[in-house]
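Here is the structure we will look at, set down as structure tokens.
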Amino acid sequence: MPSYDSNNIFAKILRGELPCYKVYEDDKAIAFLDIMPRAPGHTLVLPKAPARNLLDIGADDLAHVARVAQKVAKAGMTALGADGITVQQFNEGPGGQVVFHLHVHVIPRKSGVPMKPPASEKEKPDVLADIAKKLSAALAAS
Ligand code: 5GP
């Protein structure tokens, strides 16, 4: 497996070199909206540690990402009125991974509404900003 490349787009977001719609941050993890959501509220949860994916992340960082993913999932249920949550995580190109800094997809779902295909359409900034506001408020209160 190749080693971690700190030029990936999520590393740039983590360093503040690129913007994001952040919904949660602590000392070990960050969560922000996917700009091409498969459903409204599609959020990515990342460790701050430079891990490529599940195959090289430390166990403690992985456990922390899982804790944050659970918080984000619960916020999707309460703040966005989701009926369910889909969680996905891809590893290496053949496993479906496109951006090589570990991230967990937390996708709020509504009954009877299929997910859009991956990376199919960029969401409008005002829609993302509104959802980020709702999710961050729910996460701050959790
Ligand atoms: P992967 O297949 O690596 O798990 O998914 C990468 C995800 O990153 C995709 O869902 C895609 O929509 C999302 N994405 C790609 N570029 C950006 C970006 O610049 N900002 C954000 N927030 N998400 C991105």
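Suppose we filter region 5-46 for residues that are more than 11 Å from the ligand (Cβ to nearest atom), polar (S, T, N, Q) and in contact with a strand residue (DSSP E or B) (Cβ under 9 Å, 6 or more places away or on another chain); how many remain?
Residues that pass the stated criteria total 0.
Going by the structure shown, is residue 13 among the aliphatic types (A, V, I, L, M) and surrounded by fewer than 19 Cβ atoms within 10 Å (Cβ to Cβ)?
no
Can you tell me which condition residue 132 does not meet? The list is (1) in contact with a Leu (Cβ under 6 Å, 6 or more places away or on another chain); (2) among the aliphatic types (A, V, I, L, M); (3) within 19 Å of residue 2 (Cα to Cα), and all the others hold.
(3)
Looking at 78, 86 in this structure, which one is open to solvent by 40 Å² or more (accessible area, probe 1.4 Å), at pLDDT 95 or above and of a type outside the set (Phe, Trp, Tyr)? Let's see the steps before the verdict.
On the way: 86 fails: open to solvent by 40 Å² or more (accessible area, probe 1.4 Å).
From the options 78, 86, the qualifying one is 78.
Answer yes or no: is there a residue in region 118-129 that is in contact with a Lys or Arg (Cβ under 7 Å, 6 or more places away or on another chain), over 19 Å from residue 23 (Cα atoms) and within 10 Å of the ligand (Cβ to nearest atom). I'd like the intermediate steps shown before the answer.
Taking region 118-129 and keeping what is in contact with a Lys or Arg (Cβ under 7 Å, 6 or more places away or on another chain), we get 118.
From what is left, the residues that are over 19 Å from residue 23 (Cα atoms) are 118.
Retained after the next criterion (residues that are within 10 Å of the ligand (Cβ to nearest atom)): 118.
Yes: one or more hits.
Go through region 118-137 and report how many residues are more than 26 Å from residue 51 (Cβ to Cβ), part of a loop (DSSP other than H, G, I, E, B) and under 16 Å from the mean Cα position of the chain (by Cα).
2
The values are calculated or read from the model by the stated rules, or taken from the named source; none is laboratory data. Here the structure is a predicted model, which means the values were calculated and not measured. Cβ coordinates were reconstructed from backbone atoms using ideal geometry, including for glycine residues, and neighbour counts include every protein chain displayed. Quick note on the areas: whole protein, heavy atoms, side chains included, nothing else; ligands and nucleic acids left out. Shrake-Rupley method; radii C 1.70, N 1.55, O 1.52, S 1.80 Å.
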